[in-house]
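What follows is one structure encoded as structure tokens, with my remarks underneath.
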Amino acid sequence: MLISGAAAAMSAVTTGIRRLFFKKEDYEKMAEIQAYNRQLMTATRQKDQKTLQKLQKKKEYIAKLNAEISKKNLFTMFGSLIIFFTVYPLLAGVFGTAAVGVMPPGLDIPFISQNHNLGFYGWFILSFFGVGSPISKLLGVSMTGGMVDGEKKSKDKEQGEEAG
């Protein structure tokens with residue numbers, strides 16, 4: 001329970017950091033970048049020169065947006081890494097290499113379990129990923145460009161613009 005609790009707490013803190021750094025406008029920028037990249041890929045595949053020229057005019061603007069978002073992503077990543085490399089070694093020192101669980105027969109996951117034994121590292125990783133998504137939903141943060149506070153996701157927004 002301690003390992004799962006620590007993983008949940010770390011996930012909540014890192015998600016909270018992301019929520020502090022990213023505002024609604026940032027998610028809108030991410031959606032705009034994703035829509036641009038989709039249009040660019042489609043136009044490139046179809047060899048649609050007219051659309052490619054139109055998109056080329058927006059390239060500098062999109063690059064600027066991408067730089068802003070990348071900078072914020074870097075800050076959140078470094079904050080998360082600082083937290084991880086502070087908490088994880090402390091817990092690893094407590095639990096060491098002892099098995100904290102057993103995997104079902106036939107289910108050995110590389111780097112997570114060995115010989116059906118689940119060590120601290122494996123349980124921590126499984127717990128961290130297991131609680132990450134629900135915590136993100138609770139705090140209203142999507143890691144894939146979704147909007148905060150139940151707003152439309154970029155794909156829904158794009159489809160609405162095409163229809164209207």
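All of the numbers you see were taken from the coordinates with simple rules; none came from a lab. As the structure is a prediction and not an experimental result, all values here were calculated from the model. Here the Cβ positions follow ideal geometry from the backbone for every residue, glycine too, while neighbour counts run over all protein chains shown.
Summary of computed values
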quantity	calculated
Asn117 long-range amide H proximity, modeled H, under 5 Å	Met103
Total formal charge among the other residues, if their Cβ is under 14 angstrom from that of Phe75, Lys/Arg +1 and Asp/Glu -1	+3
Violating pairs (Cα-Cα greater than 27 angstrom) within the set Lys47/Lys71; Lys29/Lys50; Lys50/Lys72; Lys58/Lys137; Lys23/Lys50	Lys47/Lys71; Lys50/Lys72; Lys58/Lys137; Lys23/Lys50
Gain upon complete extension [Arg38, Leu107; 0.36 nm per residue less C-alpha separation]	21.1 nm
Neighbour-count ranking [beta-carbon atoms within 10 angstrom, fewest first] of Met30, Met41, Met77, Met103	Met41, Met77, Met103, Met30
